[in-house]
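Student: Mind looking over this structure? Questions follow.
The values are calculated or read from the model by the stated rules, or taken from the named source; none is laboratory data. Not measured: the values here are computed from a predicted model. Cβ: placed from backbone, ideal geometry, glycine included. Neighbour counts: every protein chain shown.
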């Protein structure tokens, strides 16, 4: 029996509105930084990497396959969050074999190569972001600098990033993105049920507020588009087509004066989850430093 293709976005109810977007040619360094990074507001940058050779080359059968032969893990389901131990036990394939499998898979098949560092041989086909000042594109504190997600029909489960800024770059295929930021009032109503995967249950409606005020910001990313994802914004991703797709996640360091607040329920949740008391105290001190920096440099 064929596996059902799992879509995650519509499993979490809410009022969908269009994510704001701006054309790459009109977005300057200062506008991106002061208008979106500092207030931590997501934005879709249209045609942001339209000049990258990857958009022209990577869809060609045999091109990527000829560039590398490293081993990767391949899943036949959507990208769960967190990945858990099951991800460590996935079958291993040579990357060229895995890509060939995904290219030739049927329209109802689901496959995912999760969080792959960019092979050195592929980097020549990528470029930079016109709207991001290179001086502010500092190495991230926690996440990998660059990760590739290679997939076919594989959604990515609802999750958020605890630190670092993310540019999600669509290279091949189209993706539907949905995002929301939970307030103090909404945190307990949504965070727990989503983490417990209750939105995947047939009777999921009883676990979410029937009169919920959740607003979901949504957009469809086409090849060449980039989405800026700030920390603590929940997001889920569904492929918008059934073809072979590749997405690049590029991360850079969150400015110190924009680190989370101790009053934010998401920040409190991250601190409570630390197994080490010393690490939890260090995180509290780091966040408090960020709050103090905001007072000095709002």
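Student: Please go through segment 104-114 and give me each residue that is buried (at least 17 other Cβ atoms within 10 Å of the Cβ) and either assigned to a helix (DSSP H, G or I) or touching a helix residue (DSSP H, G or I) at 6+ places or on another chain (Cβ under 9 Å) (or both), ordered by number. Walk me through it before giving the result.
Tutor: Pass one, segment 104-114, residues buried (at least 17 other Cβ atoms within 10 Å of the Cβ): 105, 109-114.
The answer is 109, 111, 112, 113, 114.
Student: Filter segment 177-190 down to the residues that are touching a residue at least 24 places away in the same chain (Cβ under 8 Å), more than 14 Å from residue 235 (Cβ to Cβ) and surrounded by 14 or more Cβ atoms within 10 Å (Cβ to Cβ) and list them by number.
Tutor: 186, 187
Student: Take the residues of segment 13-27 that are in a loop (DSSP other than H, G, I, E, B) and at pLDDT 95 or above: which is farthest from residue 220 (Cα to Cα)?
Tutor: Top of the filtered list is 27.
Student: Here is a further query. Could you count how many residues in segment 32-47 are touching a residue at least 12 places away in the same chain (Cβ under 8 Å) and assigned to a helix (DSSP H, G or I)? Walk me through it before giving the result.
Tutor: First, pick out the residues of segment 32-47 that are touching a residue at least 12 places away in the same chain (Cβ under 8 Å): 32-33, 36-38, 40-47.
Now narrow it down to the ones that are assigned to a helix (DSSP H, G or I): 32-33, 36-37.
Final tally of qualifying residues: 4.
Student: Now, a different point. Of all residues in segment 129-150 being more than 30 Å from residue 7 (Cβ to Cβ) and touching a helix residue (DSSP H, G or I) at 6+ places or on another chain (Cβ under 7 Å), which is surrounded by the fewest Cβ atoms within 10 Å (Cβ to Cβ)? If you could, list the steps in order and put the result at the bottom.
Tutor: Kept after step one, since they are more than 30 Å from residue 7 (Cβ to Cβ), are these residues of segment 129-150: 130-139, 141.
When the remaining residues are screened for being touching a helix residue (DSSP H, G or I) at 6+ places or on another chain (Cβ under 7 Å), the result is 130-133, 136.
Details: 130: 15, 131: 23, 132: 22, 133: 12, 136: 14.
For segment 129-150, the residue satisfying everything is 133.
Student: I've got another one for you. State whether the residues of segment 67-79 include one that is closer than 26 Å to residue 11 by Cα, within 22 Å of the chain's Cα centre (by Cα) and part of a strand (DSSP E or B). If you could, list the steps in order and put the result at the bottom.
Tutor: The first filter runs over segment 67-79 and keeps only residues closer than 26 Å to residue 11 by Cα, leaving 74-79.
From the residues that got through so far, the ones that are within 22 Å of the chain's Cα centre (by Cα) too are 74-79.
Filter once more, so that each one left must be part of a strand (DSSP E or B): 75, 79.
Yes.
Student: In segment 52-71, is there at least one residue being under 30 Å from residue 182 (Cα atoms) and in contact with a strand residue (DSSP E or B) (Cβ under 6 Å, 6 or more places away or on another chain)?
Tutor: Checking segment 52-71: not a single residue is under 30 Å from residue 182 (Cα atoms) and in contact with a strand residue (DSSP E or B) (Cβ under 6 Å, 6 or more places away or on another chain).
Student: Another question, if that's okay. For a quick check of your reading of the model, give me the residue pairs whose first member lies in segment 73-92 and is surrounded by fewer than 18 Cβ atoms within 10 Å (Cβ to Cβ), whose second is part of a loop (DSSP other than H, G, I, E, B) and modelled with pLDDT under 75, with beta-carbon atoms closer than 8 Å and at least 6 apart or on different chains.
Tutor: What qualifies is 76/3; 77/3.
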